[in-house]
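The values are calculated or read from the model by the stated rules, or taken from the named source; none is laboratory data. Computed from a predicted structure; not experimentally measured. Note that each Cβ is placed from the backbone with ideal geometry, even for glycine, and that neighbours are counted across all protein chains shown. For the accessible areas, the whole protein counts, side chains as well, though only heavy atoms, and no ligand, DNA or RNA atoms are used. Shrake-Rupley method; radii C 1.70, N 1.55, O 1.52, S 1.80 Å.
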Amino acid sequence: MIGGLFIYNHKGEVLISRVYRDDIGRNAVDAFRVNVIHARQQVRSPVTNIARTSFFHIKRSNIWLAAVTKQNVNAAMVFEFLHKMVEVMQSYFGKILEENVKNNFVLIYELLDEILDFGYPQNTDTGILKTFITQQGIKSQTKEEQAQITSQVTGQIGWRREGIKYRRNELFLDVLEYVNLLMSPQGQVLSAHVAGKVVMKSYLSGMPECKFGINDKIVMDSKGKGTTDDPTRTTGKTSIAIDDCQFHQCVKLSKFETEHSISFIPPDGEFELMRYRTTKDISLPFRVIPLVREVGRTKMEVKVVIKSNFKPSLLAQKIEVRIPTPLNTSGVQLICMKGKAKYKASENAIVWKIKRMGGMKESQISAEIELLQTDSKKKWTRPPISMNFEVPFAPSGFKVRYLKVFEPKLNYSDHDVIK
């Protein structure tokens, strides 16, 4: 598995060095410094092979994290571990900076001893690690704490410790969706899919069990529910067909497969309960109509119209439209009916922001782009326009049917908990 793990600063100096296998020598440290950090050309690939040795590396601010191995390992697993390692360090001492790494090097070595064993990743959950590695990096010594550590590591519920108490029990739920759309120049939708996730914030006492219901087509058909009234939907859909989904480890998959109900004991704090993807019957909140006209070789006129396709009683907020511009752009003049627009040369894009927009409304922006003359005959590829916004409904039709909380010992009501 992982033969060694090294942390460098921007100069290539080694801040943390931990070797787990004998086939990784000291020369691996110098090889990465010379071929990646001090390379003449920028290294774009996150995997670099040097003398039959693979270096998996990520960069955070001015710090490089590199996992080294000579074996044929699962690259996705190694990068997942590196990102988890970053999360663990951030939870202990904040930003990943050279000064923070130097001030907490004892703590980092202690963490590496816990999360890697002979190069094999172990427990990387910050909640469990903090039960026996304190902020000062000192292990717990009392018998009670050691018993708690054992139950956390070997127990069935490793993501939540016992004895959590809050004065006020609260449970927050957010549904976030990302619409990916490909449209022809004639305005015909070629392909569209929605990637969504359910994010929860749990501040509950004790060891509660939650049940979560969605309007998945399989679930609705099995229960025989055909019609419901939903004022926020424009299509009148009662169920959606989810193509694939992924759950947090706390979800009891056996109950989902047999009863199609999402039952779980939530971790403490914020976590991602599930991810899903759907490709059918997507209700697009906005329609974007771009018009591009080239005036010679040194000028271009761009006009973008956005139309809202939801009910007039609803309101979209925090709308941001990013319009790409050619690399040889020298200046941009903007005129927008609503909101504020600005040309960002560093990002080669026009950023148009609108605070709020009602349903069945229309707004437009016009831009006159001045171009520098170039010898290249290659035409501009016209990258897609991207758009971010917040609307009070899910474009896929995803809907939370119910969310229930049970706590056998404390017996608090879910009506006072769910937000």
Count of region 1-53 residues which are within 16 Å of Leu116 (Cα to Cα), open to solvent by 30 Å² or more (accessible area, probe 1.4 Å), of a type outside the set (D, E, K, R) and touching a helix residue (DSSP H, G or I) at 6+ places or on another chain (Cβ under 7 Å):
1
For the subset of region 279-313 comprising residues that are at pLDDT below 90 and polar (S, T, N, Q), which member is nearest to Ile157 (Cα to Cα)?
Thr279
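Anything in region 18-43 that is of a type in the set (A, V, I, L, M) and in a helix (DSSP H, G or I)? List them, or say none. Don't jump to the end; show me each part of the working.
Step one: of region 18-43, the residues of a type in the set (A, V, I, L, M) are 19, 24, 28-29, 31, 34, 36-37, 39, 43.
Once the filter is applied, which keeps residues that are of a type in the set (A, V, I, L, M) and in a helix (DSSP H, G or I), region 18-43 yields Ala28, Val29, Ala31, Val34, Val36, Ile37.
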Looking only at residues in region 342-385 that are of a type in the set (Gly, Ala, Ser) and open to solvent by 50 Å² or more (accessible area, probe 1.4 Å), which one is farthest from Lys311 (Cα to Cα)?
Ser376
Count, please, the residues in region 228-253 that happen to be farther than 27 Å from Ser386 by Cα, at pLDDT 80 or above and open to solvent by 30 Å² or more (accessible area, probe 1.4 Å).
5
Tally of residues being in a strand (DSSP E or B), of a type outside the set (A, V, I, L, M) and open to solvent by less than 40 Å² (accessible area, probe 1.4 Å) across region 321-341
3
Find all pairs meeting these conditions: Cβ atoms under 6 angstrom apart; at least six residues apart or on different chains; first residue within region 61-73 and open to solvent by less than 10 Å² (accessible area, probe 1.4 Å); second residue part of a loop (DSSP other than H, G, I, E, B).
Ile63/Ile96; Ala67/Ile2; Val68/Gly3; Val68/Ile24; Thr69/Ile2; Thr69/Gly3
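For every residue, the table says whether it meets (1) in a loop (DSSP other than H, G, I, E, B); (2) open to solvent by 40 Å² or more (accessible area, probe 1.4 Å); (3) at pLDDT 85 or above; (4) more than 22 Å from Pro285 (Cα to Cα).
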| site | (1), (2), (3), (4) |
| --- | --- |
| Lys165 | yes, yes, yes, yes |
| Arg168 | yes, yes, yes, yes |
| Tyr178 | no, yes, yes, no |
| Leu181 | no, yes, no, no |
| Gly187 | yes, no, no, no |
| Leu190 | no, yes, no, no |
| Lys197 | no, yes, yes, no |
| Gly213 | no, no, no, yes |
Residue pairs qualifying under the 8 Å Cβ cut-off, at least six apart or on distinct chains, with the first in region 272-296 being free of Cβ contacts under 8 Å to residues at least 12 places away in the same chain and among the β-branched types (Val, Ile, Thr) and the second being open to solvent by 40 Å² or more (accessible area, probe 1.4 Å) and in a strand (DSSP E or B), are Val295/Glu301
When residues of region 298-318 are filtered for being over 15 Å from Phe393 (Cα atoms) and assigned to a strand (DSSP E or B), how many remain?
9
Hey, could you check region 268-281 for residues that are in contact with an Asp or Glu (Cβ under 8 Å, 6 or more places away or on another chain) and not charged (D, E, K, R) and say which is surrounded by the fewest Cβ atoms within 10 Å (Cβ to Cβ)?
Thr279
So, first residue on the phi < 0 side of the Ramachandran plot and at pLDDT 85 or above in region 112-123, second residue of a type in the set (A, V, I, L, M, F, W, C) and open to solvent by less than 90 Å² (accessible area, probe 1.4 Å), Cβ within less than 6 Å, six or more apart or across chains; the pairs are Tyr120/Met1; Pro121/Phe81; Gln122/Ile115
Name the residues in region 282-293 that are in contact with a Phe, Trp or Tyr (Cβ under 9 Å, 6 or more places away or on another chain) and either surrounded by fewer than 15 Cβ atoms within 10 Å (Cβ to Cβ) or assigned to a loop (DSSP other than H, G, I, E, B) (or both), would you?
Ser283, Pro285
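Filter region 403-414 down to the residues that are open to solvent by 60 Å² or more (accessible area, probe 1.4 Å) and modelled with pLDDT of 85 or more and list them by number.
Answer for region 403-414, where residues must be open to solvent by 60 Å² or more (accessible area, probe 1.4 Å) and modelled with pLDDT of 85 or more: Lys404, Phe406.
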Test Met387 against the criterion of being at pLDDT below 95 and over 25 Å from the mean Cα position of the chain (by Cα), and give yes or no.
no
Inside region 60-104, can you point out the residues that are farther than 21 Å from Asn123 by Cβ, of a type in the set (A, V, I, L, M) and part of a helix (DSSP H, G or I)?
Ala75, Val101
